[in-house]
Every structure is written in C-alpha cells, then in structure tokens.
Amino acid sequence: RAKDAGKNTHRFFAADMNSQTFERLRLENALRQALERREFELHYQPQVSAVSHTFEAVEALIRWRHPTLGLVPPLKFIPLAEETGLIRPIGVWILNEACRQLTAWDAAGIKVPRVAVNLSARQFSPALVQQVAEALHASGLEASRLELEITESLLMQNPLEAVDILHQLKSLGVHIAIDDFGTGYSSLSYLKRFPLDALKIDRSFVDGLPLDEDDAAIAEAIMAMAKKLRFTVVAEGVETLEQSQFLQTKGCALLQGYYFARPMPAGELAGWMKGRSVMRLSADEVMI
Ligand code: C2E
Ligand code: MG
Ligand code: MG
Ligand code: MG
C-alpha cells in the first residue's frame, strides 16, 4: 500500500511537473515575442522629499501588457527573463524607454527631475556601460538625471568586477542606488569601496514602523550609517503618515510608497502632479 501511495504521489508530481513545464514554455515563448510586439510598458512611481514632500524623482517599474492575461507584474516574468537571458534585450529597452520618457516629459513642460531604473544581475556586465551611454546619447538625457538601482547580491557576486563597472558608470555621470537594502547578503565593509549615491531601505523594514522595535532599530541603523558614509537614503513602501514622519525625523531624504502614489502609466503623471499642487495650495490656504 505504501508502495502504491508512493507511485501515486510520483504520478501526481510528474503530471504537475508537466503542466508546470508546459506553462513555463508557453510563457517563455510569449516573452520572446513580447518585445517585438511592444507589449512591455514602464509605469512610474514618484519619490518625494521627506522634509518638504516636493516631487523629486520617479522609479520606472516594468509591466507586461499580455494580450490575454492582462497586466502582468514584474515578479511574474522578470525571473524567467533572467533565467533565459531575455532580460538583456529587455533591459536595453527599459533603459532607452526610461530616458526617452524623461525627455518627452521635458518637451511637454512636465518637470520630472530624475528617473531610477532597476537593473538585473544578468545585465550587469561591461557591455552595460555602453548600453547606458547609448541610451543617454539617443535621448539626450543628462546623465545625472538617471539613477541605476542594483542589489547587494549583485555587488557581492563579483565585487572586483562590480567596482570596476560602477566606476565606469559613475564616470558617465549617472547615480547609483542599492535597492532592497538590508535584505541581501552584504558586507558592510564593501559599501565604502563602491561608488554609491543612495541606499533604498527595503519595504520589509518600513512595514512595521514606527511601533515595531526591530524594524525601527534596523531603519535607524541604516540611516545613521548612510549619513556617515554620505549616502542619500530612500525609503520604499511608505504607506502611512506615521511611517513617513518617523523616516523624516530620522534623516531619510526621499520617500516612495502608496501613501504618496502608486506606480502609474506615464500619461497619468502630469495629472498626479497637478492634483497634488491643488491639494498643497488648499492646505496652505487652510493654514493661513
Ligand atoms: P523594487 O525595485 O524594490 O520596486 C518596488 C516595488 O514595491 C514595486 O513593485 C512597487 O510597486 C512596490 N511598492 C511601491 N510602494 C509600495 C507600497 O507602499 N506598498 C507595497 N506593498 N508595495 C509598494 P513591482 O512594480 O511589482 O516590482 C517588483 C520588483 O520587480 C521590483 O522591486 C524590482 O525588483 C523588479 N522590477 C520592476 N521593474 C523592473 C525593471 O524594469 N527591471 C528589472 N530588472 N526589475 C524590475
Ligand atoms: Mg527598485
Ligand atoms: Mg526595492
Ligand atoms: Mg528589487
């Protein structure tokens, strides 16, 4: 009987594997065609100054507008794009599209100071420097208005090569931020060797602020260290006024999260900016 059960388990497992493999293949094929079919789009989430709440930057976040599945979030396809290497051509598209969008906003008189673009580890090669230079050149965007978000684990995979590539990127004039800071395997001693501009405190530490003592301790420690090393600190996943106030008091420079805005299509940003300025005006009036 035990043997039968084992067999059944095995058979179910195999059937499951087949459907999973099939699903994966289907997704992989669709992903291969998505670039040609122009199914990717970038959404943009604002970052605001913690002190004045002025609009300072956007983070570009990719979405896949699949013909039947609808809007697919990045965690559903970026891992597969990374495994298959498709992230390289997709990554080039992301860089170009984000830079192009900023200059399109410029031309329309919409003031978006800076854009942050996420990079996958597989994009992080010597070829990246050329790709970034080309995206800047093709769009005419000033390099200091582009920030590249990388992860700790990417840096730690090959620190020596990473330092070299980062220096080349920095010499183009772009900013570098560490995303999801605190979640990866990181060696703090390396931080000072990398030419970095900003640390983004991971959402998981912002979650419990201000009451959770562990989250508060970690967030404060990151901010204290960042201050000494002269990095800008950005908090992600800010959902409440209390989180926003805590982070501001402890010296966080920029805030990003649903409390201020969700990621939105490029076409909605101007409306968001306008709505805010109306709100801020009427708030001022109330104070007078
Ligand atoms: P990330 O770079 O850490 O991006 C922040 C994620 O947190 C985004 O999810 C954003 O929508 C979400 N978020 C922002 N504010 C809040 C909040 O207040 N509460 C909550 N619960 N979530 C918030 P999204 O867009 O689904 O992206 C997930 C991850 O996918 C990103 O994490 C990034 O690692 C990756 N990703 C997104 N776009 C790209 C891209 O263009 N290239 C690459 N390589 N990876 C990307
Ligand atoms: Mg990011
Ligand atoms: Mg993050
Ligand atoms: Mg991330």
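With the requirement that a residue be more than 27 Å from Thr183 (Cβ to Cβ) and either surrounded by 13 or more Cβ atoms within 10 Å (Cβ to Cβ) or among the β-branched types (Val, Ile, Thr) (or both), what does region 146-172 give you? Residue satisfying the conditions is Leu172 alone.
Please tell me if Gln45 is part of a helix (DSSP H, G or I) and polar (S, T, N, Q). When the stated conditions are applied, Gln45 does not pass them.
Has region 120-131 got at least one residue that is among the basic types (Lys, Arg), touching a residue at least 24 places away in the same chain (Cβ under 8 Å) and more than 16 Å from ligand 1 (Cβ to nearest atom)? Looking through region 120-131, none of the residues is among the basic types (Lys, Arg), touching a residue at least 24 places away in the same chain (Cβ under 8 Å) and more than 16 Å from ligand 1 (Cβ to nearest atom). Scanning region 156-185 for residues that are of a type outside the set (A, V, I, L, M) and within 16 Å of ligand 2 (Cβ to nearest atom) yields a count of 7.
Evaluate the following for Ala143: is it over 26 Å from Ala235 (Cα atoms) and either of a type in the set (A, V, I, L, M, F, W, C) or within 16 Å of ligand 3 (Cβ to nearest atom) (or both)? In short, no.
I want to confirm something. Restricting to region 137-150 and keeping residues that are among the aliphatic types (A, V, I, L, M) and more than 19 Å from the chain's Cα centre (by Cα), which single residue is nearest to ligand 2 (Cβ to nearest atom)? Restricting to residues being among the aliphatic types (A, V, I, L, M) and more than 19 Å from the chain's Cα centre (by Cα), the top hit is Leu141. Screening Leu166, Leu229, Leu254, Leu247 for residues that are away from ligand 3 (no atom under 16 Å from the Cβ) and modelled with pLDDT of 95 or more leaves exactly one candidate, Leu166. On the given criteria, is Ser171 within 16 Å of ligand 4 (Cβ to nearest atom) and either closer than 22 Å to Gln47 by Cβ or assigned to a helix (DSSP H, G or I) (or both)? Criteria not met by Ser171. Among the residues of region 199-215, is any surrounded by 15 or more Cβ atoms within 10 Å (Cβ to Cβ) and away from ligand 1 (no atom under 16 Å from the Cβ)? No: zero hits.
Of all residues assigned to region 225-246, at least one qualifies as being of a type in the set (Phe, Trp, Tyr) and touching a strand residue (DSSP E or B) at 6+ places or on another chain (Cβ under 9 Å).
The values are calculated or read from the model by the stated rules, or taken from the named source; none is laboratory data. None of these values were measured; they are calculated from a predicted model. Backbone-built Cβ (ideal geometry, glycine too); neighbour counts: all protein chains shown.
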